[in-house]
Amino acid sequence: MTTLQSVRSAPPPDRGPGPGSGAGPEGGAAPAGVLPGADLLEDLLSGTPTDEQPVTHVHRLPVRESRTLPWPEWVAPDLRQRLEDHGVRAPYRHQVEAAQLAHDGTSVVVATGTASGKSLAYQLPALSRLAEDDRACVLYLAPTKALARDQLAAVAALADPSVRPAAYDGDTPMEERDWVRRHSRWIVTNPDMLHRGVLPAHQKWSSTLRRVAYVVIDECHAYRGVFGSHVGHVLRRLRRICRRYGAEPVFVLASATVSDPAGAAGRLVGAPVVAVTDDGSPRPGATFALWEPPLTERTGEHGAPLRRSAANDTASLLADLVERQARTLAFVRSRRSAESVADQARRVLVERGRADLAGRVDSYRGGYLPEERRELERALSSGELLGVATTNALELGIDIAGLDAVVLAGYPGTLASLWQQAGRAGRAQRESLVVFVARDDPLDHYLAHHPRAVFGRPVEATVTDPSNPYVLGPQLCCAAAELPLVPADLAEFGGPVAEARVEELVAEGLLRRRPTGWYWAGRGRPDVDIRGDGAAPVSIIEGATGRLLGTVDGGAAHSTVHTGALYVHRGETFVVDEYDVEDACAVVHPESPEWTTVARDVTDLSVVDVDRSRRLRTVTAHTGVVDVVNQVVAYQRRRQGSGEVLAEFPLDLPPRQLRTRAVWLTLDERAVDRAEVDDATLPGALHAAEHAAIGLLPLLATCDRWDLGGLSTAVHPDTGAATIFVYDGHPGGAGFAERGYATLRRWLQATRATIASCECESGCPSCVQSPKCGNGNDPLDKAGAVRVLDVVLDELAAADERQGGDLQDEDLQDGDLQDGDLGDAGAAREADAGAASDADAGVAPGAEDDLVF
C-alpha cells in the first residue's frame, strides 16, 4: 500500500492563477481550515486502530500543467471580452482545436477529462456563428436536466441578448413553449423532448429547423446500450428533417474520456466525426484512496460473515468531511441510498453536537419535483450545502466549483462513470480527496485489492446496437410518421437491416407502401419510450393529503413500490398502502419502521434462437435470443442494520416478459463428473458461479450489473443439460452478453479467481452471495462453483491452444486483466430450487435524473 507519508511528501499542486476551464470563473483559495487531499485523508484516519484500517491503497493523481493557444482570429472581440470577464484568459489547446474544426464545418467530439472546459469548445464556434448570422440557431442536448440548466445559465451569461437562450423540456410551462420555438436561438433540450416534442411537430418547428447551424450533444458517453441506440436513431431523424428544410448542421459532441470516441460519436450521429482527445487543461493533484469496510462479527444469510456497510461508512465519511468544512459529494447507487446516507450523516453530526452543520447536508436524486431539484442545485452551487448524497444525477457536467472531496459508495458500473464522478472534486485548483468505498460484493472487493484494475486500465468503449429490432422497428415507424420513408433514407438507418425491417413492418400493418415511399399506417403517432421498457412512470401520492411526492421508473415499480414497500423521500419514510398497476400510482402514508423491504421474484427463461455456438468438448458456449418471464411474487421485511428476515408476504403482480439476447454455457454429464459435483450440490455450484459471473461482466462490457440478468439450472428443458445463462436486461438486447461471449475466457478466469481468493469459508456477499437473491441465496456452493469453472476454463484453454489463439475482445490488450480482474455479484433472482436468476430484467440504466414529461 502506498504510505500516507509518501503521498504527503509529493509536491503540492500549483495554486497559482491560470485560465478558466470553461465559461465560468476560476476557483479561488480553499476555505480556511480545509486541508488538501492527502492531509485530509490522514486526518480522517487518525485514531483508527490498525486492525480496523480500511484503506487498502492510496494513489496519487499528479498535477498537470495547462497548455494554451491563442484565441482564434474569428472569435469576435466582444465575445472574447465576455469570456475574459468570466475568468477565461486564454483557451486550452483542446478547446481551440475542437472549436476550429467545428467552425470549419467538421463534426467533432472533444473527449477530455472532467472540468477540462469542454463547454468552451462548442460555445466559441456556436456563439460566433450566432453573432455573424442573426437568423442562425443552435440545438443543445443534455442527458440530464441538472446539466441542461447549468449550461443554460452559462450560455446566458455569455451570449448577446439577441440569442435569447431558453430551455425546452418537460419542466417548461406550456405557455412558454411557443415563445421558445418562435424566439430562442439557443434551445436547450434533451433527446426525449426532441423525440416526442420537436420531430413529430416538425412543421411547427420548420422555421427553427431550417436555421440550425450547430447541434451540441453534451456528455455523449451517457448514450449507451438500448437508450443510446434509440438516441442514435433520434439524431438520424433530426438530420433527415433538417435536410428536408435545407439545413446541414455541424455536430459538436462532448464526452468524458472513452475508448474510440470518434467511432462511438460517429455511430451515435450516423456521420463521420473527428475526435480531439489531447487534454490541455490543468489538473490539481488528487489523493485517491481505496477503502474497504472491515469484517464484523455479524453474520448474514447462512452464517456468512458481513462487512461493515458501505452506506454506513459513506455516511460517516460525509459527516467527517462536512465537520471539517470540506465541500463533498457522496455518490451512491440508488435513490433509497441517497436518502439514507444523507439522513445518517445528519444524525451523526447532531450526535456530535454539530446540529448547525446537519442542516447543510441533503440528498439529490431523480424523482424529485422540478422545484426541489432547482433549489438543491442552487444551494449546492452557492456553497450553502456542504455535503450532498446523490445518485448519478449529479455525475454529468453541472459546474460545482470548489468541491474538496468525493466519496463513491461502490463501483458505479463503468470506469468512465468512476472517473467522471471522481472528477467532480478539485475544480478550485487545489488538491482534492477521492475515496472509493467498496460494497460487500465481489466486484468492489476485487477492486479494493487490485488497484491496477482501477488505475491501470483504459476506460471502456460505449456499446450500442442500432440494429436491435426493438429499437430499429419503432424508430422507423417514428421516421415514417414524420416524413414518408424513401429508399435513400434507409441507408442511414442501417442499410440492408433497415430494408428488411421495413418489409416486416409492412407485413405487420404498421407501415403502408406507396409509390412515393413508406407511410405510417397507425392511428395517432407511434408511442416509443427511448429510455426503458415503455412502462409509464409511477406517481407516489401521500394518501392523507393527495400530495405528489415524486415518481419512480415504471420498470422498477414492481420491486420498489409494491403494496407494503418502504419508500423514502428526502429523509422521510413512507409505507405503500396500495400500488395500482393500471393507473401507475402508489398511495403511501408516513411511517418510520425498524425494518426495510426486499422484493422476491421468480424467473423463467426459454431459448428462442441460437446465433453462434462454440463447441469445446464437454462444454459448449452459446449466444442467441431468449425469452425471459419475471414476476415479483412476494416481499420480505428485514431488520435494518442486520438484514435479518422478519416476515414474508405474498404479492399478486402480473408477470413481465422480455425478449433479449444472452450468453450461456452448457455442461454435459462428463463435465459435471469432472467437476466432482453430485446431483445435490450441482444447483448450488451453478448458482454461485452465475452470481459471480454476472457481477464480473461490467468490467469487460460497458454495462452496469443492473443491465444484466441470469439464470442457472441443473437441467434446462431447452438445452437438456446443466446450464448457466447471463442475459441483457433490455428488450432486444444491448450487446453486453455478446461481449461476454467474445471475451469468455478472461471473463470466467476473473470470476473463478474472485471466488477462490475470497477469505470466507462457504460464500459471502464479497464472492457469491447477492443481497437481492430471489431464493435467499439458497442453494449456493462456493467450492463447487470453483470446480465447475475450472472444467470450463480447462476446455477453453485447450481449445485456444488447438486454434492458435483465444477468443477474446479485440479491445483488451495483454495484461489488461489478470488473475481474475473484476467481480460483483449483482442482484439475484430465482426460478425454483434448482434454478436461479439475477438482476431486474428490463430495467434500463442511465442517468438518475428524470428527464421528461
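Being of a type in the set (A, V, I, L, M, F, W, C), modelled with pLDDT under 85 and surrounded by 17 or more Cβ atoms within 10 Å (Cβ to Cβ) narrows it down to one of Val34, Val55, Val75, Val110, so name that one.
Val34
On the stretch given as the stretch 230-260, residues that are under 28 Å from Ser116 (Cα atoms), touching a Leu at 6+ places or on another chain (Cβ under 8 Å) and not hydrophobic (A, V, I, L, M, F, W, C) total 2. Beta carbons closer than 9 Å, at least 6 apart along the sequence or on distinct chains, pair a first residue in the stretch 691-718 that is assigned to a helix (DSSP H, G or I) with a second that is at pLDDT 85 or above and among the basic types (Lys, Arg) for Ala692/Arg752; Leu697/Arg739. Listed by position, the strands (runs of 3 or more DSSP E) enclosed by the stretch 596-690 that each have at least 3 residues that are among the polar types (S, T, N, Q) and touching a strand residue (DSSP E or B) at 6+ places or on another chain (Cβ under 7 Å) are 619-639, 656-667.
On inspection, Asp652 qualifies as assigned by TED's automatic domain parsing to the domain that holds Ala722, free of Cβ contacts under 8 Å to residues at least 12 places away in the same chain, more than 30 Å from the chain's Cα centre (by Cα) and farther than 19 Å from Ala721 by Cβ. Being in contact with a Ser or Thr (Cβ under 6 Å, 6 or more places away or on another chain), outside any loop (DSSP other than H, G, I, E, B) and either at pLDDT below 95 or surrounded by fewer than 14 Cβ atoms within 10 Å (Cβ to Cβ) (or both) is a property that does not hold for Leu83. Considering each of Leu329, Leu268, Leu306, Leu349 in turn, give the residue that is under 30 Å from Gly117 (Cβ atoms), in the same structural domain as Glu431 (by TED's automatic domain parsing) and touching a residue at least 24 places away in the same chain (Cβ under 8 Å). Of Leu329, Leu268, Leu306, Leu349, the one residue that is under 30 Å from Gly117 (Cβ atoms), in the same structural domain as Glu431 (by TED's automatic domain parsing) and touching a residue at least 24 places away in the same chain (Cβ under 8 Å) is Leu329. Counted as qualifying within the stretch 243-341 are the strands (runs of 3 or more DSSP E) with 1 or more residues that are under 28 Å from Asn468 (Cβ atoms) and within 21 Å of the chain's Cα centre (by Cα), namely 250-255. Look through Val388, Val407 and report the one residue that is modelled with pLDDT of 95 or more and either within 30 Å of Ala111 (Cβ to Cβ) or among the polar types (S, T, N, Q) (or both). When all the criteria are applied, what remains is Val407.
Per the conditions (1) in contact with a His (Cβ under 8 Å, 6 or more places away or on another chain); (2) without any contact (Cβ under 8 Å) to a residue 40 or more places away in the chain; (3) hydrophobic (A, V, I, L, M, F, W, C), the sole criterion not satisfied by Ala507 is (1). The numbered conditions (1) surrounded by 18 or more Cβ atoms within 10 Å (Cβ to Cβ); (2) within 27 Å of the chain's Cα centre (by Cα) are all true for His622 except (2).
Against the condition out of contact with any His (no Cβ under 8 Å at 6 or more places or on another chain), assigned by TED's automatic domain parsing to the domain that holds Ser712, in contact (Cβ under 8 Å) with a residue 40 or more places away in the chain and closer than 29 Å to Val645 by Cβ, how does Asp604 come out, does it pass? Here the answer is yes, as Asp604 does meet what is asked.
Taking the stretch 500-518, which residues are surrounded by 16 or more Cβ atoms within 10 Å (Cβ to Cβ) and in a strand (DSSP E or B)?
Leu511, Gly517, Trp518
For Thr296, the test of being surrounded by fewer than 20 Cβ atoms within 10 Å (Cβ to Cβ), modelled with pLDDT under 95 and within 30 Å of Leu101 (Cβ to Cβ) is failed. Scanning the stretch 433-490 for residues that are farther than 30 Å from Arg283 by Cβ, among the acidic types (Asp, Glu) and within 26 Å of the chain's Cα centre (by Cα) yields a count of 3.
For the subset of the stretch 114-134 comprising residues that are in contact with a Lys or Arg (Cβ under 7 Å, 6 or more places away or on another chain) and outside any helix (DSSP H, G or I), which member is farthest from Ala156 (Cα to Cα)? Looking at the filtered set, the residue picked out is Thr114. For the stretch 205-231, taking the residues that are small (Gly, Ala, Ser) and surrounded by fewer than 24 Cβ atoms within 10 Å (Cβ to Cβ), the one that is nearest to Gln475 (Cα to Cα) is identified as Ser206. Between Ser107, Ser128, the distinction of being out of contact with any Asp or Glu (no Cβ under 8 Å at 6 or more places or on another chain), hydroxyl-bearing (Ser, Thr, Tyr) and within 20 Å of Val258 (Cβ to Cβ) belongs to Ser107 only. The set of residues from the stretch 135-165 being among the hydrophobic types (A, V, I, L, M, F, W, C), crowded, with 21+ Cβ neighbours inside 10 Å and outside any helix (DSSP H, G or I) comprises Cys137, Val138, Leu139, Leu141, Ala142, Ala159. Of the conditions (1) surrounded by 15 or more Cβ atoms within 10 Å (Cβ to Cβ); (2) assigned to a loop (DSSP other than H, G, I, E, B), Gly473 clears all except one; give me its number. All conditions are met except number (2). Mind checking whether some residue in the stretch 676-686 is within 31 Å of the chain's Cα centre (by Cα), in contact (Cβ under 8 Å) with a residue 12 or more places away in the chain and surrounded by fewer than 14 Cβ atoms within 10 Å (Cβ to Cβ)? No, the conditions are met nowhere in the stretch 676-686.
Per the conditions (1) assigned to a helix (DSSP H, G or I); (2) within 30 Å of Asp553 (Cβ to Cβ), the sole criterion not satisfied by Leu385 is (1). Arg523 meets all of the listed conditions (1) surrounded by 15 or more Cβ atoms within 10 Å (Cβ to Cβ); (2) farther than 30 Å from Gln769 by Cα but one, namely (1).
The values are calculated or read from the model by the stated rules, or taken from the named source; none is laboratory data. The structure presented is a predicted model; accordingly, all values stated were derived computationally and were not measured. Virtual Cβ from ideal backbone geometry, glycine too; neighbours counted across all protein chains shown.
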